[in-house]
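Novice: Dropping a structure here in structure tokens format, bear with me for questions.
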Amino acid sequence: APAHPLYVDMIKEAIVTLKERDGSSVPAIKKFLQEKYGNDKLGPNWESTLFQQLKKFAVSGKLVKVKASYKLGETLKKTVMKPKVKAAAKAKEEKKAEKKEEKKEGKEGKKEKKSSKDSKKDKKKKEEKKEEKKDKKDKKDKKDKKESKDKKEKKEEKKKEGKKEEKKEDKKKEEKKEEKKKDEKKEEKKEDKKEEKKSAKKEEKPTKKEEKPKAAAPKEAPKPKSPASKTKKEDKKPSVPKPKGVTKVKSDKKSKK
């Protein structure tokens, strides 16, 4: 069996300790392994096997290849070993916390002795503080109640005002409707009067025609014609009709001129 751990663990350890932003290159990983484990532990031809393993892990997703360097994949990031420096720091912090707790316990013991003396005073102060808090709460409650009442009253007033305005608007609408009805009635009356006048005029016309012949004076009987009038008519020459061509000749002359 080889004296060194698995190649996955060695490569992971090298990348974590080198802490390079763009990933660790192959020569850097080789140098780290050679310095830590040496050629004796790694065995013969370990460089070629390392190269093969890097390619294999890049294909499987355990490593991510960035140009000529390698980074840890998501699967290996979850199983990263924390360095020993952090464990030592944790141990120191735990020791400090223990010391602080011991100091607190010592202080609390001293305080208990003093508290037995000042317990009465503290009780009175606590009671006074409680009473003050109660008074403040009562005042706040009263204020809140007053504010709530005022808000309710304001809301009710607004509702009443809204109802009054609605009533006023309804009254205005009704008044407008009544005015329209009155105007319509007036117009109807006017039209009725016009029609009555027209009908009255039509009835008056035939009566007037009948009255005219009654009012006219009686015609006198025609006078007998005298013989002299007959001779005058006979003496008159008969009217000769003008030839039709005369008018045309005149028009032709005017056109020639």
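The values are calculated or read from the model by the stated rules, or taken from the named source; none is laboratory data. Because the structure is a prediction, the values reported are computed rather than measured. Cβ placement follows ideal geometry from the backbone for every residue including glycine, while neighbour counts extend to all protein chains displayed. Side chains included, ligands, DNA and RNA excluded: accessible areas come from the protein's heavy atoms. Shrake-Rupley method; radii C 1.70, N 1.55, O 1.52, S 1.80 Å.
Novice: Being touching a residue at least 40 places away in the same chain (Cβ under 8 Å) and under 50 Å from the mean Cα position of the chain (by Cα) is the filter; apply it to segment 55-64 and report the residue that is surrounded by the fewest Cβ atoms within 10 Å (Cβ to Cβ).
Specialist: Looking at residues that are touching a residue at least 40 places away in the same chain (Cβ under 8 Å) and under 50 Å from the mean Cα position of the chain (by Cα), I get Val64.
Novice: From Lys151, Lys194, Lys212, Lys208, which residue is part of a helix (DSSP H, G or I), modelled with pLDDT of 85 or more and more than 60 Å from the chain's Cα centre (by Cα)? Reasoning before the result, please.
Specialist: On the way: Lys151 fails: more than 60 Å from the chain's Cα centre (by Cα); Lys212 fails: modelled with pLDDT of 85 or more; Lys208 fails: modelled with pLDDT of 85 or more.
Within the list Lys151, Lys194, Lys212, Lys208, the selection yields Lys194.
Novice: A further question follows. Could you check how many residues of segment 1-36 are in a loop (DSSP other than H, G, I, E, B) and either open to solvent by 40 Å² or more (accessible area, probe 1.4 Å) or at pLDDT 90 or above (or both)?
Specialist: Residues in segment 1-36 being in a loop (DSSP other than H, G, I, E, B) and either open to solvent by 40 Å² or more (accessible area, probe 1.4 Å) or at pLDDT 90 or above (or both): 9 in total.
Novice: Out of all the residues in segment 65-92, which are at pLDDT below 80, over 15 Å from Ile11 (Cβ atoms) and open to solvent by 70 Å² or more (accessible area, probe 1.4 Å)?
Specialist: Scanning segment 65-92 gives Lys78, Lys82, Lys84, Val85, Lys86, Lys90, Lys92.
Novice: With the structure loaded, tell me whether Thr17 is farther than 22 Å from Thr79 by Cα and either touching a strand residue (DSSP E or B) at 6+ places or on another chain (Cβ under 8 Å) or of a type in the set (Val, Ile, Thr) (or both) or whether it fails that test. First the steps, then the outcome.
Specialist: Details: farther than 22 Å from Thr79 by Cα: no; either touching a strand residue (DSSP E or B) at 6+ places or on another chain (Cβ under 8 Å) or of a type in the set (Val, Ile, Thr) (or both): yes.
In short, no.
Novice: Another question, if that's okay. Among the residues of segment 37-51, write down those that are assigned to a helix (DSSP H, G or I) and not acidic (Asp, Glu).
Specialist: Those that are assigned to a helix (DSSP H, G or I) and not acidic (Asp, Glu): Gly38, Asn39, Lys41, Leu42, Trp46, Ser48, Thr49, Leu50, Phe51.
Novice: Of the numbered conditions (1) modelled with pLDDT of 90 or more; (2) over 54 Å from the mean Cα position of the chain (by Cα), Asp40 fails exactly one; give the number of that condition.
Specialist: For Asp40, the failing item is (1).
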